[in-house]
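Q: Let me give you the structure first, and then I'll get to my questions.
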Amino acid sequence: MSKPIGIFDSGLGGLTVLKVLAKNFPHESFVYLGDIARLPYGNKSPETIRKYGDQILRFLKDQDVKAMVIACNSASTVYLGEKSFEGIPLLNVIEPGSKAALEISGGKPIAILGTSATIRSHAYAQTIRRIHPATEVTEISCPLFVPLVEEGVVHNEITDLVIKRYLEQVKTRKIETVILGCTHYPVLADDIRKYLGQVNLVESGEVLTREIEALNLAKHSGTRQIRVCITDVTDHFERLAQELMYPETLGPLEKIIL
Ligand code: DGL
């Protein structure tokens with residue numbers, strides 16, 4: 001079997017990305033590492049995120065991956081512009097996400113939703129303005145979205161209230177392109193669409209698919225293996241992982257110590 005692609009996230013939210021990549025590349029093998037034990041990254045400093053990130057990228061390198069994808073937006077902000085890590089090609093979600101949003105919006109305003117770390121870094125806004133300086137960008141930190149998804153509190157009146165609180169300004173300003181700048185937010189995509197109505201949501205999984213295709217990284221025949229490793233395991237995480245990957249089925253999660 002040829003070398004797998006490594007995927008790194010702070011927790012299980014990145015499975016929303018793995019799910020899309022697994023569907024779009026049915027012959028490709030993946031090794032996923034979710035740093036559950038230290039989640040969330042979204043409220044941590046760039047120095048701490050970098051320290052954790054380097055450990056994880058080394059773990060993935062040891063699994064003999066051919067490329068590494070930082071699915072975690074908070075972590076992507078601290079590796080912005082870095083195209084490799086210790087000789088292995090490195091992909092993040094900020095640059096391709098920004099380009100995709102600009103293509104969709106055609107110069108019209110863009111809203112960026114993310115964790116505190118992602119919004120504080122202004123990584124998306126700076127990347128968008130570097131490519132198209134006139135674009136009007138609205139950055140919104142949505143710290144309650146991650147715990148709602150982690151706890152499975154979705155598609156109900158609590159999520160509706162939180163969505164309204166964070167996204168009211170998107171609705172009032174009639175912004176039509178919204179970057180879901182966090183691994184967990186695709187789980188809320190239907191709820192967000194319900195509130196905003198006609199809107200283009202930019203999701204990391206699709207954006208990374210195009211990037212992997214452009215770099216010709218994936219193989220297109222043969223059997224594959226998907227490994228999901230996490231730094232802490234409980235029944236809750238086993239269940240959540242299966243739910244997030246549905247209808248794809250996962251083998252048992254592997255607990256690893258970094
Ligand atoms: N994976 C993180 C991100 O995409 C969300 C969860 C966290 O805060 O660690 O920013």
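Q: Quickly run through region 116-134 and pick out the residues that are touching a strand residue (DSSP E or B) at 6+ places or on another chain (Cβ under 7 Å) and within 14 Å of the ligand (Cβ to nearest atom).
A: Result: 116, 118, 119, 124.
Q: Just to check your reading of the model, which residue among 180, 208, 201 is in contact (Cβ under 8 Å) with a residue 40 or more places away in the chain and either farther than 16 Å from residue 30 by Cα or part of a loop (DSSP other than H, G, I, E, B) (or both)?
A: On the way: 208 fails: either farther than 16 Å from residue 30 by Cα or part of a loop (DSSP other than H, G, I, E, B) (or both); 201 fails: in contact (Cβ under 8 Å) with a residue 40 or more places away in the chain.
Just a single option satisfies the conditions, and that option is 180.
Q: Restricting to region 211-237, name every residue that is over 14 Å from residue 33 (Cα atoms) and in a helix (DSSP H, G or I).
A: Selection gives 211, 212, 213, 214, 235, 236.
Rundown of residues vs (1) among the hydroxyl-bearing types (Ser, Thr, Tyr); (2) under 24 Å from residue 127 (Cα atoms); (3) surrounded by fewer than 21 Cβ atoms within 10 Å (Cβ to Cβ), yes/no style:
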| site | (1), (2), (3) |
| --- | --- |
| 6 | no, no, no |
| 46 | no, yes, yes |
| 57 | no, yes, no |
| 65 | no, no, no |
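Q: In contact with a Ser or Thr (Cβ under 9 Å, 6 or more places away or on another chain) and of a type outside the set (A, V, I, L, M, F, W, C) - does that describe any residue in region 144-160?
A: The answer is no, given that none of the residues of region 144-160 is in contact with a Ser or Thr (Cβ under 9 Å, 6 or more places away or on another chain) and of a type outside the set (A, V, I, L, M, F, W, C).
Q: Kindly indicate which of 179, 192, 175 is under 19 Å from residue 13 (Cα atoms) and more than 14 Å from the ligand (Cβ to nearest atom). If you could, list the steps in order and put the result at the bottom.
A: On the way: 179 fails: more than 14 Å from the ligand (Cβ to nearest atom); 175 fails: under 19 Å from residue 13 (Cα atoms).
Of the residues listed, the single one that is under 19 Å from residue 13 (Cα atoms) and more than 14 Å from the ligand (Cβ to nearest atom) is 192.
Q: Write out, first by first residue and then by second, each pair whose Cβ atoms fall under 7 Å of each other, whose residues are 6+ apart or on separate chains, and whose first residue, in region 11-33, is part of a strand (DSSP E or B) while the second is among the small types (Gly, Ala, Ser) and more than 16 Å from the ligand (Cβ to nearest atom).
A: Final answer for the pair search is 30/22.
Q: Anything in region 89-115 that is within 12 Å of the ligand (Cβ to nearest atom) and either among the aromatic types (Phe, Trp, Tyr) or farther than 16 Å from residue 176 by Cα (or both)? List them, or say none.
A: The answer is 92, 93, 94, 114, 115.
Q: Name the pairs: first residue in region 117-136 and within 10 Å of residue 95 (Cα to Cα), second residue assigned to a loop (DSSP other than H, G, I, E, B) and within 15 Å of the ligand (Cβ to nearest atom), Cβ to Cβ under 7 Å, at least 6 apart or on different chains?
A: The qualifying pairs are 123/80.
Q: Another question about this same structure. Can you find a residue in region 149-157 that is surrounded by 13 or more Cβ atoms within 10 Å (Cβ to Cβ), under 17 Å from the mean Cα position of the chain (by Cα) and not hydrophobic (A, V, I, L, M, F, W, C)?
A: Within region 149-157 (the criterion being surrounded by 13 or more Cβ atoms within 10 Å (Cβ to Cβ), under 17 Å from the mean Cα position of the chain (by Cα) and not hydrophobic (A, V, I, L, M, F, W, C)), the answer is yes, since at least one residue qualifies.
Q: Find the residue count for region 90-122, including only residues that are outside any strand (DSSP E or B) and buried (at least 24 other Cβ atoms within 10 Å of the Cβ). Spell out the reasoning first.
A: Filtering region 90-122 down to residues outside any strand (DSSP E or B) leaves 93-109, 115-122.
Still in the running and buried (at least 24 other Cβ atoms within 10 Å of the Cβ): 93-94, 97-98, 101, 115, 117-119.
Number of matching residues: 9.
Q: Could I ask something else about it? Inside region 8-37, can you point out the residues that are surrounded by 24 or more Cβ atoms within 10 Å (Cβ to Cβ) and out of contact with any helix residue (DSSP H, G or I) (no Cβ under 8 Å at 6 or more places or on another chain)?
A: Within region 8-37, 14 is the sole residue that qualifies.
Readers should treat all values here as calculations from the given coordinates under stated rules, not as data from a laboratory. None of the values given here were measured: they were computed from a predicted structure. Counting neighbours? That spans all protein chains shown, and the Cβs are built from the backbone with ideal geometry, glycine included.
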